[in-house]
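The numbers here are math on the coordinates, done by the rules we state, and not lab data. What you see is a predicted model, and the numbers here were worked out from it, not measured in a lab. Cβ sites come from the backbone with ideal geometry, for glycine too, and all protein chains shown count toward neighbours.
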Amino acid sequence: MATIFSGMQPTGELHLGNYLGALRQWVELGRSGEHEGIYCVVDCHAFTAPYDAKTFPSRVFETALTFLAGGLADQDATVFVQSDVPEHMELAWYLSCVAPMGELGRMTQFKEKSEQHKTAVNAGLFTYPILMAADILLYKATLVPVGHDQIQHLEFARDCARHFNHRFGKEVFPEPKPHPLTLRIRGTDGNEKMSKSRGNAIGLLEPEAAIWKKLKGAFTDPERTTRDKPGRPEICNIFTMHGAVTPAEKVKQIDADCRSAAIGCGDCKKMLAESLEVELVPIRARAAELRAHPERVTTALAEGAAKCRTIAQKTMVEVKDAAGVRGSKSKP
Ligand code: TYM
């Protein structure tokens, strides 16, 4: 059975981009029953940017809760927190010794993030893709569902697998394949990416009224300056979201009505708010239930960590064996 691995940063409140672009697809992939799914709250990756240590635990908890409420609880998926499995950091070191420096320097996310956190550029931000490669390779995952912004990191993980296997002449790691998630949700301000740090995000668990307030002011087609001007759904973020949550027949109608100016952006947003409610009501209910029983989240995480540690320790034995690392068992 192929293993799927994916991860998400513990931003606390996941947004519609995280959900529609990734989490919902993870749940979708799991439905086939053909894969073993492992999903990680990557708290150690979050150390690369400044954060408040006091609120960090609740961010990690909320992220895990949202994974479960978003649909992973109904599946046989494994959910865990990265720092519970120290082998991630251990493997990252071994991989850093086969990882090509030049490629790290070319990572778009490193360039963007070091621009964003100019005063806090640390080595971890630079070696971030190595830890990500370790996350994936530790479980010998062959399928990695990620959005477009993570594809470059995934190619890097493939290179790490290839370099390690080649250096030690053993097929320790299979090459992970990306399962590209093509949906890109832009920010309410029209920015390329909806992201909490850019302040342009709609939270997955926000109440209906708060979502509507954000949708009302959200960026659409900049050329549709008046109600009677025809719109271009293909460049509109509201239409992209309709494609994800509104029934196909209705999406077709919205497409035609926008192009002919039969509906305005306000009408279109109202319909989106309705579709989102259908999608989000059960998620909110599951989240409320989990919040009332936090032990369900912590138990799932503890069980997930125990299972992952067993797999990770087995892989590390193979890694060290291939690399001739025997520690105190080294013989003359
Ligand atoms: P992160 O936490 O930034 O995002 C998690 C997932 O959500 C997708 N995503 C989006 N998709 C569509 N529209 C958006 N606006 C949007 N924003 C985020 C991302 O593409 C991603 O799939 N480095 C990773 C986490 C990670 C990981 C891993 C992923 C660490 N180790 C191993 C896969 C495998 C990250 O920061 O994702």
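Here are the numbers for the structure shown:
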quantity: Centroid-to-centroid separation of region 76-97 and region 236-280 [C-alpha atoms, Å]; calculated: 41
quantity: Residue among 23, 122, 89 farthest towards the positive dipole end of the chain, charges placed on Cβ; calculated: 122
quantity: Area projected by the alpha carbon convex hull of region 206-289, averaged over all directions, nm²; calculated: 5.3
quantity: Rg over Rh [alpha-carbon atoms, Kirkwood Rh] for the chain; calculated: 1.01
quantity: Separation between Cα centres of region 301-316 and region 121-188, rounded to whole Å; calculated: 19
quantity: Burial ranking of peptide ranges 13-25, 200-212, 256-268, 217-229 (average Cβ count within 10 Å, highest at the top); calculated: 13-25, 200-212, 256-268, 217-229
quantity: For peptides 152-165, 61-74, 301-314, sequence by mean Cβ density within 10 Å, most packed first; calculated: 61-74, 152-165, 301-314
quantity: Reach of residue 229 by Cα under 27 Å, taken over lysines that are not fewer than 8 positions away in the same chain; calculated: 193, 213, 214, 216, 250, 252, 269, 270
quantity: Options 139, 45, 4, ranked by Cα towards positive dipole end of the chain, top entry (Cβ charges); calculated: 45
quantity: Lys/Arg +1, Asp/Glu -1 at C-beta; the chain dipole; positive extreme among 260, 195, 328; calculated: 328
quantity: Helix-only CD estimate at 222 nm, as mean residue ellipticity for the chain, using -39500 (n - 2.57) per DSSP H run (n ≥ 4); calculated: -16500 deg cm²/dmol
quantity: Kyte-Doolittle at least 0.0, axis length at least 27 Å by Cα - qualifying DSSP helices, the chain; calculated: 265-292
quantity: Total charge dipole magnitude, the chain, about the Cα centre, Cβ charges on Lys, Arg, Asp, Glu only, Debye to nearest 20; calculated: 560
